[in-house]
Amino acid sequence: MAIKLGELLLKEKLITPEQLDEALKSQIIFGIKLGSSLIELGFITDEQLCHFLSSKLGVPAVNPRDMSSVPLDVLALVPAELAGKYRVVPIRAEGKKLSLAMADPTDFKAMDEVAFVTGCVIFPHIVPDVRITSALSKYYQIRGDYRYLRIEGELANKQRKAPVEQAVQKAEKIEIQMMSDSGELLNIEIPLEFEGFANLPDSEDDHTTASGGMESYSVDRLSLEFASAKNRDQVASIFIKYLGQEFIVGALFIIRSDRAVGWRGVASGKRIEELESLNILLGKPSVISDVLETRQFAMGRLIQTPENVRLLRVLGVGFDTPLLVLPIVMQKKVVAVVVVSAEMDALGKRLQDLQKLVYKASLAFEMLIIKNKILMT
């Protein structure tokens, strides 16, 4: 959004500086809007945010009822491609006047293009981005981010509480758990400024893979590319590129509530598209649920459970194929899982390299968080 949302909310004392810091981290890691991040974390309600921005921008807020029952003839005015491109939903038409629900009513380019296509005069209305995502899925069958849909579900079933202005106590140092060469779980202290590697972000369509040996992607090159990454997708591409060159199969899963959600996968240098629609239920027996429970890596052949069968089928390997399943732990919580396949000897040798990659990626995300904080406040 063109306006500095974080700065405005702080000025009005609707959130605290600590809450803004936490939301900015979530925004970068997950790739969601700052407002949606604040809503998900419970620091502000969607109604509060919507009415606040409505008063600040002088743009009417959308009534939730208007978003839930849009006439088909109104929807037909804005093609799905255009609605998805600019994240807008038409809600009402009166002659040549079209009311348009928007997460960013200052997006004049979007309004100009919708006006050109429809031949209507556009009247922007503001609505939280999570509700835009839900409406695009409902009316245009545009697949929404699982995280947005989960927030929308929580909004529908749970009464949000007003933000608490009590300052958050933070330690001067935090711990990151890493593995030694022998497989021992170690607690490594790092300065607070390097805190915040949470769940890996959802990807867009920027999938990059590479093949070749270690010479083509050395640790030094990894470090340089992580340091120069300009956005979360570039960090993610470096991660998957390394897995693609070092392992027969590589996959990343995000831990979200009761399931592990497939994020990105690569096999023999090619993207595993089916992985992105795979959800492993954590309440059922699987190697991923075991890794979450123990917070220890698992290495070897999997036992036959329904969830393991689904995992191996998508990866394109059999039960006789050894896997290394490695938790990404932050502040004593497993937030993501890396799954790779290779010969047993190779898996053991690559364990330490993979831990280093996780640590470097965490620092790269922290750099993005800091840059984003500078821009948004």
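The values are calculated or read from the model by the stated rules, or taken from the named source; none is laboratory data. These figures come from a predicted structure and were not determined experimentally. In this analysis, Cβ positions are derived from the backbone assuming ideal geometry, glycine residues included, and neighbour counts consider all displayed protein chains.
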Every residue from region 268-294 that is over 15 Å from residue 335 (Cα atoms) and assigned to a loop (DSSP other than H, G, I, E, B): 268, 269, 272, 278, 283, 284, 285, 286
Among the residues listed as 70, 114, 121, the single one being surrounded by 21 or more Cβ atoms within 10 Å (Cβ to Cβ) and modelled with pLDDT under 95: 114
Selection count, region 325-355, where residues are in a helix (DSSP H, G or I), among the basic types (Lys, Arg) and without any contact (Cβ under 8 Å) to a residue 24 or more places away in the chain: 1
Candidate set: region 275-295, residues that are charged (D, E, K, R) and more than 18 Å from residue 317 (Cα to Cα); chosen: the one surrounded by the fewest Cβ atoms within 10 Å (Cβ to Cβ): 293
Pair list, Cβ < 9 Å and 6+ apart or interchain, from region 69-85 residues that are assigned by TED's automatic domain parsing to the domain that holds residue 129 to residues that are assigned to a loop (DSSP other than H, G, I, E, B) and of a type in the set (A, V, I, L, M): 80/142; 83/142; 84/142
Among the candidates 346, 336, 298, residue that is buried (at least 18 other Cβ atoms within 10 Å of the Cβ) and under 20 Å from residue 247 (Cα atoms): 336
Residue among 39, 32, 44, 15 that alone is assigned to a helix (DSSP H, G or I), of a type outside the set (Gly, Ala, Ser) and under 27 Å from the mean Cα position of the chain (by Cα): 39
Any hit, region 42-51, residues being crowded, with 22+ Cβ neighbours inside 10 Å, in contact (Cβ under 8 Å) with a residue 24 or more places away in the chain and over 28 Å from residue 254 (Cβ atoms): no
Criterion (closer than 30 Å to residue 370 by Cβ, at pLDDT below 85 and not assigned by TED's automatic domain parsing to the domain that holds residue 256) met by exactly one of 106, 16: 106
Checklist (1) touching a strand residue (DSSP E or B) at 6+ places or on another chain (Cβ under 8 Å); (2) small (Gly, Ala, Ser); (3) closer than 25 Å to residue 9 by Cβ applied to residue 83, failing item: (3)
Restricting region 247-267 to residues that are part of a loop (DSSP other than H, G, I, E, B) and in contact (Cβ under 8 Å) with a residue 60 or more places away in the chain, the residue that is surrounded by the fewest Cβ atoms within 10 Å (Cβ to Cβ): 257
Output for region 218-246, where each listed residue is surrounded by 16 or more Cβ atoms within 10 Å (Cβ to Cβ) and of a type in the set (Val, Ile, Thr): 235, 238, 240
Residue, surrounded by the most Cβ atoms within 10 Å (Cβ to Cβ), within region 317-333, restricted to residues that are over 19 Å from residue 246 (Cα atoms) and modelled with pLDDT of 80 or more: 319
